[in-house]
Amino acid sequence: MYTLGVDIGTFESKGVLVDFAGTVVAQATRAHEMIVPRAGWAEHRAEQDWWGDFVFITKKLLATAKVKSEEIKAVACSAIGPCMLPLDATGRPLMNGVLYGVDTRASAEIALLNQALGDDVILARCGNALTSQSVGPKILWLRRNHPDLWGRTAKVVTATTFLTQRLTGECVIDHYTAANFTPLYDIEAQDWCDLGDICGRAMLPRLMWSGEIAGQVTAWAALETGLAAGTPVTCGTIDAASEAVSVGVAGPGDMMMMYGSTIFIIEVTDRRLTDPRLWHAPWLYPGQHAAMAGLATSGTLTHWFRDQFARELPHETAFATLTAEALASPPGANGLLCLPYFSGERTPIHNPLASGAFFGLNLTHGRGDMYRAALEGIAAATRHIIETIAEAGAEPKRVLAVGGGTKNRPWLQATSDLTGLDQIVARITMGAAFGDAYLAARAIGVVAEIDRWNPVAEVVQAEAHAVYARQYPLFRRLYEQTKDLAAELHDAS
C-alpha cells in the first residue's frame, strides 16, 4: 500500500510513491518554465504547469512502479506559494497564475493598502507586513487593472487549492497558506476578514488544516489522472512547509534550513511572533505557529558564479571543481567579503534595491577565494536572519537542513560556522514531495512520526573561527555603508 505526494515547484514538479514503511518506490519529475511577461512579473500557466504536471507525474509514477491505482490510499499536494489565480464559476482559470514574492507587480497596491488600513493595523491583525509575498495586493491589482476579468471571477485561489479542487471538487486552503493572503487573514481569529474593497469572503477558499482530508478523488479526476475514484486527498500546503516536515520539523524550536534557489527558513513556535522583518503563519496543526524568513539569492548565486566564471569547465563537473577550489581557500576567503544581494534582498532587510558586491579584491585572489566568499556571504546573510529570529524571541533548538545545497560541503559548513548552529541532515533530502507523501500517510493514520520514515544521517557541527568573528561585523557594515550607493545606481540605470 502506498501514498502519493506531488509538489509543483517554480521550475520543476516532482512526485513520489512511498510505501507504508517510508520506502520511496518511484519518483518522477517534469520541468516547466516561469513566464516573465515583463520586468517584475512572474507567472505560471495553471492548466499546463500545475494540473498538467500533476497528471503527467501521477501517470508516470503508476506506470513506473507498476502498482494498481487502488493501492494508493491517500494523496497530498504542495506547491509554490502563495500564488494568485482567479477562477470563473466553472473553476477555469481566467489568466495565468501570479507567483509568490518573486512577482512584484503590486507595489502600488501595497502602498495604497498601507495608507488606507495602516501598516501597524495590518501587522497587528495579520501578523505580517505587506510585501511582494502578500496575495491581497495582487488581488487588488487584478481588480484595479482588469475589471473585465474581475467581473467574471468567482473564486481567487492559490496553486495548491487549484490542484485539490481539480482532484476533489472542494475549494479549500490550509491556514499556513492563507496567512500569506495579507490583509485578508485575521491571525488571532484564524479566519478570513471581509474586506469588500479587495475581496469578499465568498470568493476565498474554505479554511482547513494542512493534514485534514479535503475530499476524495472524483470520477472525472480519476479518468484524468489514473487514480482510483474515492481516494482521500488532504488539504495540502505550500512546498516549504512540506519540505520542513520531510526532514523532521515537528515541534516548537525545530527549524528548517532549506538550501535551494534561495535559503528559506521555517521555525515552529508555540506562540505568535510579531516582527515586521519576519513572516508568520499558523503551522500545519492547531495550536502551533511558524516564523519564516527567506533570502532572495542563494543557490541561484552559485549557478550565476558557475556560468560566469567556470564556463570553460564541463557543465556536469563544474561545481565539483569550484567546491574543491573553495575548500583550498581558508575560512574568510583570504580577506574577501561578498554581499549576496544579487536580486535585492528579502528578510530581514526587505530591500529590493540592495546590490551584490565582492569587496576586498586584490591581485592575490583567485576563483576559489571568490567562490568561497560567495558561499560565506550567503551564510552571513543567513546568520542575520537567525539573529533576527532570536531577537524576536525564538532562538532555535534544532536545525534540520534540506535541499540540493546540502551537498555543497563548504556552503553547509560555513553556515554552521557563521551561525554557531549544528545542522541535522536526514537520510532523505528530496524535499516537499516526500513530505507530502508523509502528510498523506499521517492523515489516514498510517504513521505518526517522520523519524520512522526519515532518520538522521549526519550532524554538521559548528566550528569557531576567529576570522568570522572579525569579518561578520564588517559584512553588516558593508551593506549599511553601500545601500545608498546601490539605490543611486539603480536610479541612474
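Grab the Cα-Cα distance for Asp88 and Ala108, subtract it from 0.36 nm times how many residues apart they are, and report the gain in nm with one decimal.
4.6 nm
Write down the percent of antiparallel bridges among all DSSP beta bridges whose residues are both part of the range 3-124, to the nearest 5. If you can, show how the numbers build up before the last one.
Details: 18 of 24 bridges.
The answer is about 75 percent antiparallel.
Where does each of 466-476, 229-239, 401-411 land if you order them by average Cβ count within 10 Å, highest first? Mind showing how you got there, number by number?
Working: 466-476: 15.2, 229-239: 25.8, 401-411: 21.1.
Peptide ranking by packing, descending: 229-239, 401-411, 466-476.
Quote to one decimal, in nm, the extra length available between Glu387 and Ala154 on full extension: 0.36 nm per residue of separation minus the C-alpha distance between them.
Details: separation 233, 0.36 × 233 = 83.88 nm, distance 4.31 nm.
Once the chain is fully extended between Glu387 and Ala154, it gains 79.6 nm.
Hey, can you rank 416-426, 37-47, 339-349, 129-139 by average C-beta count inside 10 Å, highest first? List each step's numbers first, then the result.
Working: 416-426: 19.7, 37-47: 15.9, 339-349: 23.1, 129-139: 25.1.
Ranking the peptides 416-426, 37-47, 339-349, 129-139 by packing returns 129-139, 339-349, 416-426, 37-47.
Which value in nm describes the separation of the simple spin-label points at Leu363 and Ala328, placed 7 Å from the Cα toward the beta carbon?
Label-label distance for Leu363 and Ala328, simple model: 2.1 nm.
Per DSSP H run of at least 4 residues, take -39500 (n - 2.57); add these up for the chain, divide by its residues and hand me the 222 nm value, nearest 500 deg cm²/dmol.
Details: 15 runs with 175 residues, N = 493.
Calculated at 222 nm, the ellipticity per residue is -11000 deg cm²/dmol.
From a point 7 Å beyond the Cα of His465 in the direction of its Cβ, which residues of the range 379-398 have a backbone N at a distance under 13 Å?
Answer for the range 379-398: 379-380.
For the range 288-421, compute the orientation-averaged projected area of the C-alpha convex hull (one quarter of its surface), in nm². Intermediate results must be reported in sequence, preceding the final value.
Details: hull surface 35.4 nm².
One quarter of the hull surface, i.e. the mean projection, equals 8.8 nm².
Stokes-Einstein at 20 °C, 1.002 mPa s, Kirkwood radius from Cα pairs: D for the range 90-233 in µm² s⁻¹?
Calculated translational D: 133 µm²/s.
Residue separation times 0.36 nm, minus the C-alpha to C-alpha distance between Asp484 and Arg206: what's the value? If you can, show how the numbers build up before the last one.
Working: separation 278, 0.36 × 278 = 100.08 nm, distance 4.46 nm.
Contour length minus Cα-Cα distance gives 95.6 nm.
Which residue, chosen from Tyr176, Gln27, Leu130, occupies the Cα position most advanced towards the positive end of the dipole of the range 2-240, where the dipole is computed from +1 (Lys, Arg) and -1 (Asp, Glu) charges on Cβ about the Cα centre?
About the Cα centre, the residue reaching furthest to the positive side is Gln27.
Could you please report the charge total around Ala21, scoring K, R as +1 and D, E as -1 over all other residues with beta-carbon less than 15 angstrom from its beta-carbon?
On the way: positive: Lys73, Arg427, Arg442, Arg452; negative: Asp19, Glu71, Glu449, Asp451.
Once all neighbours under 15 Å are counted, the net charge is 0.
Using a Förster radius of 41 Å, what is the FRET efficiency between Ala229 and Ala124 based on their Cβ-Cβ separation? Nearest 0.05, please. Intermediate results must be reported in sequence, preceding the final value.
Values: r = 46 Å, r/R0 = 1.12.
The value I calculate is 0.35.
Pairs on different chains or at least eight residues apart, Cα atoms closer than 18 Å: how many lysine pairs in the chain fit? Before the final figure, lay out the partial values.
Values: Lys14/Lys59; Lys14/Lys60; Lys59/Lys68; Lys59/Lys73; Lys60/Lys68; Lys60/Lys73; Lys138/Lys155.
Number of lysine pairs found: 7.
Less than 13 Å Cβ to Cβ from Glu188, Lys/Arg counted +1 and Asp/Glu -1: what total charge do the surrounding residues give?
Working: positive: Arg125, Arg271, Arg272; negative: Asp186, Asp191.
Taking every Cβ under 13 Å from that of Glu188, the sum is +1.
Taking Rg and Dmax of the Cα atoms in Å as the quantity of interest, determine which of [x] 22.2, 68; [y] 35.3, 108; [z] 24.6, 83 was computed from the displayed structure.
The value matching this structure is [x].
I want to check the label-to-label distance for Ile444 and Asp197. Put each point 7 Å from Cα in the C-beta direction and report it in nm to one decimal.
Simple spin-label model gives 4.8 nm for this pair.
Just order 317-327, 280-290, 2-12, 244-254 by mean Cβ neighbour count inside 10 Å, highest at the front, would you? Write out the running numbers ahead of the final one.
Working: 317-327: 17.0, 280-290: 20.3, 2-12: 24.8, 244-254: 22.3.
Averaged packing, sorted descending, gives the order 2-12, 244-254, 280-290, 317-327.
Which ordering of Met430, Met84, Met95 is given by a fewest-first count of other beta-carbon atoms within 10 Å?
Details: Met430 20, Met84 27, Met95 15.
Least to most surrounded, the residues fall as Met95, Met430, Met84.
Taking the beta-carbon count within 10 Å as an exposure proxy, list Ile110, Ile213, Ile266, Ile444 from fewest neighbours to most. Walk me through the intermediate numbers first.
Details: Ile110 23, Ile213 18, Ile266 27, Ile444 15.
Result, fewest neighbours first: Ile444, Ile213, Ile110, Ile266.
What's the FRET efficiency of Glu47 with Phe309 using the Cβ-Cβ distance as r and R₀ = 30 Å, to the nearest 0.05? If you can, show how the numbers build up before the last one.
Values: r = 39 Å, r/R0 = 1.32.
The pair Glu47/Phe309 has a calculated efficiency of 0.15.
Which net charge results when you count Lys and Arg as +1 and Asp and Glu as -1 among the other residues whose beta-carbon is under 12 Å from that of Gly435? Provide the component values of the computation, followed by the final result.
Details: positive: Lys14, Arg442; negative: Asp7, Asp239, Glu243, Asp436.
Within the 12 Å Cβ shell, the charges total -2.
Return one quarter of the surface area of the convex hull spanned by the alpha-carbon atoms of the range 70-156, equal to its mean projected area, in nm². Spell out each step's value before the answer.
Working: hull surface 31.2 nm².
Its Cα hull, projected and averaged over all orientations, spans 7.8 nm².
Dividing the Cα convex hull volume of the range 7-105 by residue count, how many Å³ per residue is that?
Values: hull volume 11.1 nm³, N = 99.
Here the figure is 112 Å³ per residue.
To check you understand DSSP bridge types, tell me what percent of the beta bridges within the range 326-475 (both residues inside) are antiparallel, rounded to 5.
Numbers: 8 of 11 bridges.
Roughly 75 percent of the beta bridges in the range 326-475 run antiparallel, per DSSP.
For the chain, give the share of DSSP beta bridges that are antiparallel, in percent and rounded to the nearest 5; count only bridges with both residues there.
On the way: 51 of 72 bridges.
If we restrict to bridges inside the chain, about 70 percent are antiparallel.
Throughout, read-outs are computed from the coordinates displayed, never taken from laboratory work. Since we're looking at a predicted model, the values are computed, not measured. Positions of Cβ are generated from backbone atoms using ideal geometry, with glycine treated the same way; all protein chains shown enter the neighbour counts.
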